[in-house]
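Heads up, the thing below is written out as C-alpha cells.
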Amino acid sequence: MATQGGASARSPHAWRTVWILALVWTMAMLDRLILLLLIPGIKQTMGLTDTEVSLLYGLAFAICFSVIGIPLGHLADRWNRRNLLLIGLLGWSVSTLACALSQSFWPFFLARMALGAFQAALAPAAISMIADLFPTAERGKPTALLLAASMFGGALANFLGGGLLDYFSHHQPDLPVLGKLAAWQLALLGAGLVSLLAIPLMATVREPERESAPAQFAGESFRMVDHVRRNGPTFLLLFAAFIVIAIAGNGVGNWWPAVFMRQSGLTPTETGLVLGIVSLVGGIGAAVIGGALSDWAARRDPRTGRLKLTAVALVGQVVVLLSLFDPQFVPGIVAALLISVVLSGVVGAACYSLLPDLVPPQGRGLLIAMYQFVGNLIGFGLGPTAVALVTNQVLRTEARVADAMMLFGLPAYAFAAISVALAVPFVRRLRERTG
C-alpha cells in the first residue's frame, strides 16, 4: 500500500519493476547514443559538417524531447504510466529505424525529432513510478540504477554499434525491398530492432499505486504553476543550475569519441570498444557509488544533502577535464572519462532523487518534464553545437576538439557548481515550508 512516505522498498515487485525500467532506459540510450559512433560514415555519405551533425544529434532530438515532455509529464501524473512507456518504447524504436533509412539531412532531422518526442515520456513516467515504489530515504539506489542504465545503453551503443559497423563495413547484404545500405544505416537498423525486443517484458510491469498527497495538498486540485510561482526564487535558481549542468554535460560528454578518433589515433571500432568498456564499468560504478552517496547525503542532511553532493561532483568534473591537455596519452584520458561517467551518475542520482520531494505526488511527472525542458532544450540542443562552434569558428580546425572541450567545459562546470551551491538555502526553506 502506498503511503505518504512511499511504498516499501522490501517489495520484490518494486525491484523487479526497477530492473525492467532500467532495461527500457538502456534501450532508449542505445537508440539515442549510437549516432555518435556513426558520425564519420554519416558525414561521408551526406557530406555534412561537424555543426550539421551536432544539429542532428542535439537540437533535432532536444526540440521535441523538451517541448512534448511537458504534456507527457502532465499525462504521467494522471494516466497509466506503464502504458505510456509502452507507447514511447514502440515509437522511439520505429523512429530509429526511420533514421536508418534516411538519405539526406532533413529526413534524418525529422526522424530524430520523432525519437525525441517518444523518449520524452521515459523519465517522467519512470521516476514517478520509482517515487511511488520507494520511501524518500531509499530512492537513491533505484534512481541511480535507472540513470546508470544510460551508461549501460552507451556501452551497448558502442559495443553493438562498433561491432555492427565493423561487420557491415566488410559485408554489405542486399536486403529485400531496401537493397544495399551503408554500414552506418545497417547499424541503426540493428539498434531499432533490438529495442523492440524490450516491449513484451515492459508489458508485464504493473502500474504502481500512487502515493497519497501530504496533508496541506489533500483534497485540493494541485496546480504546478501556482506552486512554482509561490516558490519562484527556488525553482528559478534550480532550473538555472540544471540548464548549466545540461549544457556542460552534453557539450563536453558528446565529443569524447571525437577526441579518441581525431587526436588519440584510435579507429572507430577501437573507440567503440574503449567507450563501451568505460560506459559499462562507469555505469556499474555510477549505480553503486551514485546511489549510495545520494542516500548517504540525504541521511546526513535530509533537506539539502543531495544538492550539496551535486555541487561537489561538479567540481570534480572540472578537475577531470584537465586530462585533455594531453589527449595522446590514452590511458590518462580513459581514466578521466571513467571518473567523469561516475561523477555524472552521482549528479543524476542526487538530482532525480531530490525532485520528487519538491512537489506533492500529483505533480511529480510534470516537474520531471519541466526539468527535462529547461535542461535539455538548451543543454542537449546547444551543448554539442557549442563545442562544435568553438572547434569550427574559434580554433578553426576540427583536429583540436580536446582544446575546444576544455575552453568550453572548464568555465561551464565551474559555473554549474556555483549555481547549485547558491540554490541550497532556497531549497532548504522550501522543504521546511512544505514538510
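In sequence order, what are the phi-derived ³J(HN,Hα) couplings for the stretch 282-295 according to the Karplus relation 6.51 cos²θ - 1.76 cosθ + 1.60 with θ = phi - 60°, rounded to whole Hz, with x for glycine and proline?
These are the phi-based 3J(HN,Hα) values: x, x, 5, x, 5, 5, 6, 6, x, x, 5, 5, 4, 5 Hz.
Taking the square root of 5 times each eigenvalue of the Cα gyration tensor, what semi-axes in Å does the equivalent ellipsoid of the stretch 157-271 have, largest first?
Values: eigenvalues 400, 130, 27 Å².
Result for the stretch 157-271: semi-axes of 45, 25, 12 Å.
Which whole number of Å³ per residue matches the convex hull of the alpha-carbon atoms in the stretch 56-97?
On the way: hull volume 2.5 nm³, N = 42.
Looking at the stretch 56-97, the number lands at 58 Å³ per residue.
What Kirkwood hydrodynamic radius do you get for the stretch 22-178 when you take the inverse of the mean 1/r over all pairs of distinct Cα atoms, in Å? Let's see the in-between values first.
Working: mean 1/r = 0.0599 Å⁻¹.
Across the stretch 22-178, the inverse of the average 1/r is 16.7 Å.
Quickly estimate the mean residue ellipticity at 222 nm for the chain, helices only: each DSSP H run with n ≥ 4 gives -39500 (n - 2.57), and the total goes over all residues, rounded to 500.
That calculation yields -23500 deg cm²/dmol at 222 nm.
For the ranges 153-161, 345-353, what's the packing order if you count other beta-carbon atoms within 10 Å of each residue, average per peptide, and put the highest first? Please report the intermediate quantities before stating the final value.
Values: 153-161: 24.8, 345-353: 27.8.
So the order, starting with the most tightly packed, is 345-353, 153-161.
If we count other beta carbons within 10 Å of each Cβ, what is the order of Ser128, Ser104, fewest first?
Values: Ser128 28, Ser104 11.
Least crowded to most crowded, the residues run Ser104, Ser128.
Over the Cα atoms of the stretch 300-389, compute the convex hull volume and normalise it per residue, giving Å³. Kindly include the intermediate steps, with their values, before the conclusion.
Numbers: hull volume 9.4 nm³, N = 90.
Per-residue hull volume (Cα only) is 105 Å³.
Using mean Cβ contacts within 10 Å as the protection proxy, how do 81-93, 180-192 order, highest first? The partial results should precede the final answer.
Numbers: 81-93: 20.5, 180-192: 22.2.
Ranked by mean Cβ neighbours within 10 Å, highest first: 180-192, 81-93.
Highest mean first, how do 386-398, 302-314 rank when packing is the count of other Cβ atoms within 10 Å averaged over residues? Numbers along the way, then the final one.
Numbers: 386-398: 17.8, 302-314: 21.8.
Result, highest mean Cβ count within 10 Å first: 302-314, 386-398.
Output the Cα-based Rg and Dmax of the stretch 364-435 in Å, rounding Rg to one decimal and Dmax to a whole number.
16.9, 54
Calculate, in whole percent, how much of the Cα-Cα pair population of the stretch 141-203 lies beyond 16 Å.
Values: 1112 of 1953 pairs.
Counting pairs separated by more than 16 Å, the tail of P(r) holds 57 percent.
Starting from the Cα of Lys43, draw a straight line to each of the lysines and keep only those under 19 Å, dropping any in the same chain fewer than 8 residues away.
Lys180
Using only the alpha-carbon atoms of the chain, report the extent along each of the three principal axes, biggest first, to the nearest angstrom.
Computed over the chain, the largest-to-smallest principal extents equal 63, 48, 34 Å.
For Lys308, go through the lysines and keep the ones whose alpha-carbon is under 19 Å away, minus same-chain ones fewer than eight residues off.
Lys141
Evaluate the distance, in nm, between pseudo-label points positioned 7 Å from the Cα of Phe329 and of Trp19 along their respective Cα→Cβ axes.
4.2
Quick one: grab Rg to one decimal and Dmax as a whole number for the stretch 246-290, Cα atoms only, in Å.
12.0, 33
Say R0 is 30 Å: what FRET efficiency, to the nearest 0.05, do Arg299 and Val319 get from their beta-carbon distance?
Values: r = 26 Å, r/R0 = 0.88.
Between Arg299 and Val319 the formula returns 0.70.
Whose amide H sits under 5 Å from the amide H of Ala120, counting only residues 5 or more places off or on another chain, with H placed in the peptide plane?
Under 5 Å from the amide H of Ala120: no residue qualifies.
Roughly what % of Cα-Cα distances in the stretch 238-335 sit above 21 Å, to the whole percent?
Working: 2143 of 4753 pairs.
The share of Cα pairs beyond 21 Å in the stretch 238-335 comes to 45 percent.
For the charge dipole of the chain, defined by +1 on Lys and Arg C-beta atoms and -1 on Asp and Glu C-beta atoms about the Cα centroid, which residue among Leu175, Ala240, Gly409 has the Cα displaced farthest towards the positive pole?
My answer, from the dipole projection, is Ala240.
A short reminder: the numbers here are calculations on the coordinates, not readings from a lab. Owing to the predicted nature of the structure, the values given are computational and were not obtained by experimental measurement. In this analysis, Cβ positions are derived from the backbone assuming ideal geometry, glycine residues included, and neighbour counts consider all displayed protein chains.
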